[in-house]
Every structure is written in structure tokens, then in C-alpha cells.
Amino acid sequence: PKTPKPLTSGWEMIKFMMNRLGEMYMRSVERRPILTQAVTTSLRMGLGDFICQRIELSQDKTKQYKSERTTTFMKYGFFVNGPFLHFLYSKFYSRFENTTIGTIKKLLLSQSIVSYASIIIFYSIVPLIQGKTVGDSLEEIRTKSWQTMLMNWRLWPVVQLINFTLVPTKLQVL
């Protein structure tokens, strides 16, 4: 049997560690897909809010970082969005063929019904996580949902097109 070559540089060590993490992640996707999706979505949403707040702080020095806001996003990602996306991609989008027509159908659905439903769910639940009332949630939906949908259409159609055409189906939502 061959003896493995020792890791001689920092880059080799990083590459080795990244490969091991990737293998562990793929095993987790196979063994515990909903939990893996919930954790992944929670971390992504937390990181996204952290970056967003850093941008806001750089533009307005009077603002302060709000860790509770990031925590709210992470809770929403773990308990709501992660499981929702798992079922959306594994049970719904997976029914479409990997053809041009199938991709167009997924893209149209994702950028109409699914996106708007996701926005409504977000503005319904996040205020409640923050301790606000149902009336506050309804006001958020009324005042923010359409503007959010318009912003959604600036970025996500291209991202979803790449996602649906280049990413393997079982990794599309991750």
C-alpha cells in the first residue's frame, strides 16, 4: 500500500481541509437533508444580514450593528426558510425535466408565485419573531412586499437561471 504524501505547504493543508469539509457536508446532505438545509440557510441568512448591516453602517455612521436582527434572520432561516426550500426543491422543482422547457417553467414559477409567496411568508413571520403583532406583520406585507418583489426581479432571475442550468439538482438550494 502507498503511504499518503505528507502535506508540505499551507495551501495543501487548506485544500485537504476543504475537501474533507466538502465530503462531510455531502454526507450530511444525504443523511439529514432537512437539518442540513435548515443549518445552511440559517448561516447564509445570518451572514447576508451581517454583510448588509456592515454596508448600512459604512453609509450611515450614526447606526449601530443590531445582533438581534441577525439572530432573527438566522431563526427564520432555520425554522422556516430552510425546511420550506428543502421541500420546494426536493418535492416540487424536482418534478420538472432538466430541459430548456423545464428550466423555463421552473424559472417562471420561481419568479412569480414562489417568490411572492416567500415574500409574504417572510413579512408575516419575521415581525412575529421580533415580538411584534399580527397587525404589524400585515402592515409590513402591505408596505414592503411589492417593492421587495421588484428588487427580487433585479437579481434572482439570473441567479436562478444559473442555478437551474449549472448546479446539480440535489445541490441547487444549498
Candidates S94, S110, S58: whichever shows maximal mean-square fluctuation once the chain is modelled as a Gaussian network with Cα springs under 10 Å: S58
Fraction in percent of alpha-carbon pairs per bin - 5 Å, segment 116-159: 5, 25, 29, 19, 12, 7, 2, 0
Accessible area of segment 42-174 belonging to carbon and sulfur atoms, whole % at 1.4 Å probe: 67 percent
Positive dipole terminus of segment 96-158, leading residue within T100, I119, W156 (C-beta point charges): T100
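Determine the alpha carbon to alpha carbon distance for each of K144/K170; K66/K132; K75/K105; K132/K170; K15/K170; K91/K132 and list only those over 26 Å.
K144/K170; K75/K105; K132/K170; K91/K132
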Sites D60 and E97, calculated FRET efficiency, Cβ-Cβ separation with R0 35 Å, nearest 0.05: 0.15
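When only DSSP loop residues count, what trypsin sites (Lys or Arg not before Pro) in segment 1-106 have their Cβ near at most 16 other Cβ atoms within 10 Å? Working shown, then result.
Numbers: sites: K2, K15, R20, R27, R31, R44, R54, K61, K63, K66, R69, K75, K91, R95, K105, K106; in loops: K2, K61, K63, K66.
Qualifying residues, ordered by number: K2, K61, K63, K66.
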Accessible area expressed per residue, segment 1-133, with surrounding protein chains retained (probe 1.4 Å, Å²): 69 Å²
Segment W153-T169, length gained on full extension (0.36 nm per residue, minus Cα span): 3.5 nm
The chain: angle of helix 134-166 to the longest principal axis, Cα-based, in degrees nearest 10: 30 degrees
Once the Cα gyration tensor of segment 134-174 is diagonalised, semi-axes √(5λ) in Å: 30, 13, 4
Cα-based Rg of the chain normalised by 2.2 N^0.38 Å, two decimals: 1.25
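The values are calculated or read from the model by the stated rules, or taken from the named source; none is laboratory data. If you're wondering where the values come from, they're calculated on a predicted model, not measured in any experiment. Here Cβ is always computed from backbone atoms with ideal geometry, including for glycine, and neighbour counts include all displayed protein chains. With ligands, DNA and RNA removed, areas are computed over all heavy atoms of the protein, side chains included. Shrake-Rupley method; radii C 1.70, N 1.55, O 1.52, S 1.80 Å.
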